Amino acid sequence: MIHVIVFFDLHTGKRDAFLKELGQVVPLVRAEQGCIEYGPTVDVDTGNDLVGPPRRDRVTLLEKWESLDALKAHSDAQHMHEYRAKVKSLIESAEFHVTESA
């Protein structure tokens, strides 16, 4: 199984707009062959000093795929090209981590 964690740091105040666009593509991605899980998360205030305060302008995307081939097909999907074009101006930076089950 392939796991993908993406940290999106957004331009100040753009989280809601980003989540709206991402919400439009989530059902399409979940319908893709090989998609096990795909969904955005946002920081929560835990009250734990070891965790730190929530970052209002960060969205973490959690994905699970049956295989690398499924992930590659996802990356090339037309709806993903369209989505990337829509959110490009909202994103300050993105950090991708692709792992597999150990």
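The numbers here are math on the coordinates, done by the rules we state, and not lab data. The structure presented is a predicted model; accordingly, all values stated were derived computationally and were not measured. Heads up, the Cβs are rebuilt from the backbone with ideal geometry, glycines too, and the neighbour counts pull from every protein chain shown.
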Exercise for the section: Go through region 45-102 residue by residue and tally those that are in contact (Cβ under 8 Å) with a residue 60 or more places away in the chain, surrounded by 15 or more Cβ atoms within 10 Å (Cβ to Cβ) and either among the β-branched types (Val, Ile, Thr) or farther than 16 Å from Val29 by Cβ (or both). Expected result: 3
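Looking only at region 7-26, decide whether some residue is within 22 Å of Ile91 (Cα to Cα) and over 16 Å from the mean Cα position of the chain (by Cα). Before the answer, list the steps.
We begin by selecting, within region 7-26, every residue within 22 Å of Ile91 (Cα to Cα); these are 7-26.
Narrowing the set further to residues that are over 16 Å from the mean Cα position of the chain (by Cα) leaves 12-13.
Among the residues of region 7-26, at least one is within 22 Å of Ile91 (Cα to Cα) and over 16 Å from the mean Cα position of the chain (by Cα), which makes the answer yes.
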Fill in the blank from the handout: Scanning region 1-40 for residues that are among the charged types (D, E, K, R) and in contact (Cβ under 8 Å) with a residue 40 or more places away in the chain, the one surrounded by the most Cβ atoms within 10 Å (Cβ to Cβ) turns out to be Arg15
